[in-house]
1. Rounded to the nearest 0.05, what FRET efficiency is calculated for residue 197 and residue 161 with R0 set to 22 Å and r the Cβ-Cβ distance?
2. So what is the relative contact order for region 47-110, in percent, with contacts set as C-alpha pairs under 8 Å and at least six apart?
3. By the gyration tensor of its Cα atoms, with a ≥ b ≥ c the square roots of the eigenvalues, what is the shape of region 121-200: rounded for a/c under 1.5, prolate for a/b over b/c, or oblate?
4. What number in nm² do you get for region 158-223 if you take the convex hull of its Cα atoms and divide its surface by four?
5. Please report, as a whole percent, how much of the solvent-accessible surface of the chain comes from carbon and sulfur atoms (probe radius 1.4 Å).
6. With contacts defined as alpha carbon pairs under 8 Å and 6 or more residues apart, what's the relative contact order of the chain in percent?
7. Suppose only helical runs count, i.e. DSSP H with n ≥ 4. What mean residue ellipticity at 222 nm does that imply for the chain under -39500 (n - 2.57) per run, divided by all residues and rounded to the nearest 500 deg cm²/dmol?
8. Given that compact globular proteins tend to follow 2.2 N^0.38 Å, what is the ratio of the alpha-carbon Rg of the chain to that value?
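The values are calculated or read from the model by the stated rules, or taken from the named source; none is laboratory data. Predicted model only: the values in this text are computed from it and were never measured. No Cβ is skipped: glycine too gets one built from the backbone with ideal geometry, and neighbour counts run over all protein chains shown. Please note that ligands, DNA and RNA were not included when accessible areas were found on the heavy atoms of the full protein model with its side chains. Shrake-Rupley method; radii C 1.70, N 1.55, O 1.52, S 1.80 Å.
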Amino acid sequence: TEKVAVKKEHHNFARKAHHNKTISHPLFNEYPDAVFTLDLQGTFISFNKVLVELVECTPEFLLQSTFVPFIAPEDLDMVLERFKITISGEVENYDARVITAAGNRRILNMTAVPILVKKEIIGVYVIAKDLTAVKEAETKLMEYNQRISNILESITDGFYSVDNNWTVTSWNKEAERIIGVKRQEIIGKNLWEMFPLAVPLKFYEENHKAMSQKITVRYKEYY
């Protein structure tokens, strides 16, 4: 969702900037993300203050440089290929790892738009959004979820979880053994649709009590 919104936002900006015929329009420096233009060799032509802060170097250095030194080695081939596609006339949107002049690593979402003058491509507009904090948060969340998953797999009791619609969201190995249903067969399915014979029993009544009253329940039942 975020990447779709970013891409739409970048396209809207690019259309406005191109409509104004000049990258020195106030929108250029007021835009909250890094914005810059490149010639057909990838050399910086113009840029806003956000880019200078983002790559941690002087404007003078940027004006003498191409984008290549700022791209992380592992993403360089991909970015060069995307640049070639852009100067052939296509709009490109992608994530790339960059290394600032101070040696710091960042992850940027970039939208590259060809600059057309009298039907001839003369350069590229690029809009770059810093996704570093978002990506780091995603990584930490994945690591946390993995730790929780490892804990649930190690316990000796059957464990499962459901959301507010009773859709099964987790199902550990012991639950597989006790109930006789593999996780791939039930995760993403409605609990009561999977076990209709449990609806008249305490399973249904007590689980709904826990959900509706937000309390812990303990019970015995046979199935």
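1. Numbers: r = 21 Å, r/R0 = 0.96.
FRET efficiency, residue 197 to residue 161: 0.55.
2. Numbers: 60 pairs, mean separation 20.7, N = 64.
Taking the mean separation of contacting Cα pairs over the length of region 47-110, I get 32 percent.
3. Working: a/c = 3.94, a/b = 2.24, b/c = 1.76.
Prolate shape, in that a/c is at least 1.5 and a/b is the bigger ratio.
4. Numbers: hull surface 17.0 nm².
Average projection, Cα convex hull of region 158-223: 4.3 nm².
5. Working: 7760 of 14040 Å².
That share works out to 55 percent.
6. Details: 302 pairs, mean separation 27.0, N = 223.
12 percent.
7. Values: 10 runs with 100 residues, N = 223.
Helix-only estimate at 222 nm: -13000 deg cm²/dmol.
8. 1.54
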